[in-house]
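For reference, the structure is listed below as structure tokens.
Derivation of every value follows stated rules applied to the coordinates shown; laboratory data play no part. Values in this document were obtained by computation on a predicted structure and should not be read as measured data. Note: ideal-geometry Cβ built from the backbone for every residue, glycine included; neighbour counts use all protein chains shown.
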Amino acid sequence: MVRVQLTLLATVVGGLAWTPVASQTPSWSPVVRAVPSRQTEQTTQRAETAGTPLAANSVPKVFTLSALEALAREHHPSLAIAAARLTARQSGRVQAGLYPNPEIAYRGMEMGNLGTPGMQGAMVRQQFITGRKRQLDTRLADQEVSEWTARYEAQQQRVRGDVQRQFYATLVAQRYLDLTRELAQLNGQLATATRQLVEAHQETENSLLQAEIQAEESQILWHNAAQRRTAQWRQLAAGVGLPQLPVTELSGDLTVDLPDYSWPQAENLVFAHHPWLMAANARHQRAALAVQRAIKEVVPNIDVSVMVQHMYPSNSDTTSLIIGFPIPIWNQNQGQIAQMRAELVAAENDIRRVELELRSRLADTYGHYANARQVVQRYRQRILPRARQSLDLVRNGFERGQIDYQTLNQSQQTFVRTNLAYLDALGRLRDTASLIESQLMASRPDHRD
């Protein structure tokens, strides 16, 4: 009888201690990936191959927007952080669905009674979860995974939007540098021509001073544009996640496929599957489930204990079964239920708050976008054609000897300055359009995140 009971006990213990096979492990795979820090990059620099993005011979001569976006997806640390946090929630979801472990204990009593070992045996205890609490815990964890999936998508949108906006800002700075260089050359030529006229007594000394002042101011403008281009490139490289990227030419046309969004189209772009709204809805679903879970907490779990013992004084075997559960008389989880219901009210209103915040930001951004769009349209349709026509008339007059060189040079300067103003408007249009296209997720100093 003793052997039968001990064998039965060993079988129970062995079954409780059984380890799941590989096929029962979680089916998801972690999305965590490590992005090396600058110190790590420097430490392993000698071991890096020539194909790494930081290798000098692997940097392309020209960068496109799509190429920079691909680098950002691979190297920006915020994406690795978001991926790690998502994986942490996925792991928590697995943990939430696990059943509590059994307990096993040795039990010895009345040892030394009548010179015998007394009562010797073992006990196995298992808690049984009732009220479908474990299923609710899993559903709660599912909603947390949904929220952090939306957060991960939001970070992807933010990085992509930042890279796009910084790309166009750098492209504007690149073109601005070309135009200011041309303006500096024109002003320098005007100063030289004026000096020759002064020497020929055809112009006054004051005219030369004015021309030289303009030449110096255009030099300042040119050098400032060079610094601006360098600063914009450094911001772009940091936004990609590779701050050591050397300054490289960008390939793109600011005037091709200019966005033309109406207010309804902008609303649809921003509110269709917005990650913030998806995260808020997941929080609301989790809050509703948390209320159910708090209510189910009152349903008591059942503790079952089985003891098998041998009584040496009487040379007999005993088996004991203990079943117990708490009686919810004083504590019926009233406080937590009330707390979860309050959290549900907050989560319901949070959806509305997020929507209102997005509408406020969209109204502000779309206002800047609409202003920039009408400025660009006016320059393209009215101002630039007239500036070109005026310059052509002056050039024709100069070729026929009807207009002097100073007038021609001044007309050229006016044309360049008109293009600089047009370029500024294009930059504002691209910036605000990119912000709308990124669902207002891109970082912006003058916009609250």
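Side notes on the structure shown:
- Along the chain, counting only GluC sites (Glu not before Pro) with a DSSP assignment other than H, G, I, E or B and at most 15 other Cβ atoms inside a 10 Å radius, the longest segment between sites is 111-449.
- Compactness of the range 268-377, expressed as Rg and Dmax over alpha-carbon positions, Å: 28.9, 105
- Within the range 387-435, trypsin sites (Lys or Arg not before Pro) in DSSP loop having at most 15 other beta-carbon neighbours inside 10 Å: ARG400
- The chain, relative contact order [Cα under 8 Å, separation at least 6], %: 23 percent
- In the chain, the longest principal axis of the Cα atoms and the axis of helix 2-16 are about 10 degrees apart.
- The range 287-438 - charge dipole about Cα centre, Lys and Arg +1 at Cβ, Asp and Glu -1, debye rounded to 20: 1340 debye
- Against the empirical 2.2 N^0.38 Å (N residues), the range 59-145 has a Cα radius of gyration ratio of 2.30.
- Expected-Rg normalisation [2.2 N^0.38 Å, Cα atoms] applied to the chain: 1.66
- The calculated FRET efficiency for the pair ARG195 and ALA67, based on their C-beta separation and a Förster distance of 35 Å, comes to about 0.15.
- Along each principal axis, Cα extent of the range 212-337, largest first, Å: 119, 44, 29
- Label point of ASN113 set 7 angstrom out along Cα-Cβ; within the range 311-327, amide nitrogens under 20 Å from it belong to 311-322.
- Euclidean distance of C-alpha centroids, the range 255-331 and the range 102-152, integer Å: 18 Å
- Efficiency of FRET between ASP404 and GLU205 - r from beta-carbon atoms, R0 22 angstrom, step 0.05: 0.75
- Highest-fluctuation residue, MET123, MET311, MET340 considered, GNM on the chain with Cα pairs under 10 Å: MET311
- R0 of 30 Å, Cβ-Cβ distance ASN101-THR319: FRET efficiency to nearest 0.05: 0.85
- Distance between modelled label sites at ASN301 and GLU267, nm, 7 Å Cα→Cβ extension: 5.0 nm
- For the pair the range 167-186 and the range 379-418, the centres of their Cα atoms are 20 angstrom apart.
- Annotation: amide H of ARG107 within the under-5 Å range of GLY121, ALA122, MET123, sequence separation 5 or more or interchain, hydrogens built in the peptide plane.
- Ranked list, fewest to most other Cβ atoms within 10 Å of each Cβ, for SER316, SER207, SER434: SER316, SER207, SER434
- Projected label points at ALA238 and GLU216, each 7 Å from Cα along the beta carbon direction, are separated by 3.4 nanometres.
- For the range 114-236, the dipole from Cβ point charges (+1 on Lys and Arg, -1 on Asp and Glu) about the Cα centre works out to 1420 debye, to the nearest 20.
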